[in-house]
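Everything on this sheet refers to the single structure shown next.
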Amino acid sequence: MRRLHRLEPEHRLRRMHDHLAEAYGPQHWWPAEAPFEVVLGAYLTQNTAWIAVERSLANLRAAGALTIEGIRALPLGELRRLIQPSGFITRKAPALKAFVAMLDAEFGSSLDILAATPTAALRRRLLALPGVGPETADAILLYALGHPVPVADEYLARIAERHRLIEVPNGSRRYDALADLTRRAFAADPTQSQARLFNEFHALTVVVGKAHCRRTALCEGCPLAVDLRFASSF
């Protein structure tokens, strides 16, 4: 019988990316037409399904408010009404206003100037905004601003836990542990390609998470089933 060699978790995670890429192909995420639309989506998708976000974005688009200038000009009550499909409007609407206010006051109302800020400093500034946690900050950094940072969401947490890649603690320590694991998985790749790889990997984990790694796992036909068998062999 062929002996299986134990791989480090980061090497397994990198191999899982390859299995998913082969199974599903390029994902071309984030689904948006402009960087600021990505920012809006990152806020609106908190605790809600993407289909609800699409309805909110459609409302903003119809109102001519799918821009920095549009969000700035909207009265707060009208912004709440337009993003109502996404829920949590008393929190999300002021949070969007706060982002635009920061952009105006500190970055000349320019996402390009914001994006030119060093990653660590920019991440700290985003996390200081109301309504921005690590996942939202990293989604904005990666998808809207092009910074090479991993996004560690609930789908990745399920995969990591079920495949025994990592013991996943609760709270911020869980997010940090998953993000660090992902960084290590792609550390050997060229720096200039890491943003694209983090982008694709996050999108691929969402695809396999929705199809297979749900609250109740559906492992039959999953592209990662081979790794699950590998994990259970030790």
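Only the coordinates and a few stated rules stand behind these numbers; no lab work does. Here the structure is a predicted model, which is why all the values come from computation and not from measurement. Don't worry about glycine lacking a Cβ; one is built from the backbone with ideal geometry, like all the others, and counts go over all protein chains shown.
Each residue of region 194-210 was assigned a 3J(HN,Hα) from its phi angle through the Karplus curve 6.51 cos²θ - 1.76 cosθ + 1.60 (θ = phi - 60°); the sequence is 5, 4, 5, 5, 4, 4, 5, 5, 4, 4, 5, 5, 5, 4, 5, x, 5 Hz, with glycine and proline shown as x.
Amide H to amide H, with H built 1.01 Å from N, ARG164 comes under 5 Å of no residue 5 or more places away or on another chain.
In a shell of Cβ-Cβ distance under 13 Å around LEU204, excluding LEU204 itself, what net charge do Lys and Arg (+1) and Asp and Glu (-1) give? My count for the surroundings of LEU204 gives 0.
By the compact-protein rule of thumb, 2.2 N^0.38 Å, the alpha-carbon radius of gyration of region 35-144 corresponds to a ratio of 0.98. The helix-only estimate of mean residue ellipticity at 222 nm for the chain, built from DSSP H runs of length n ≥ 4 each weighted as -39500 (n - 2.57), is -18500 deg cm²/dmol after division by the residue total.
Ranked by how many other Cβ atoms sit within 10 Å of their own Cβ, fewest first, the residues SER86, SER110, SER56 fall in the order SER110, SER56, SER86. Report the far tail of the P(r) of region 97-234, meaning the percent of Cα-Cα pairs longer than 21 Å. In whole percent, the long-distance tail amounts to 48.
The orientation-averaged projected area of the convex hull spanned by the Cα atoms of the chain comes to 13.6 nm².
If Lys and Arg each add +1 and Asp and Glu each add -1, what is the summed charge of the other residues whose beta carbon sits under 13 Å from the beta carbon of ILE113?
Here the count lands on -2.
Quick check: net charge around ARG80, other residues with Cβ under 13 Å of its Cβ, Lys/Arg +1 and Asp/Glu -1?
Once positives and negatives cancel, what remains is +3.
For MET16, MET102, the sequence from fewest to most other C-beta atoms within 10 Å is MET102, MET16.
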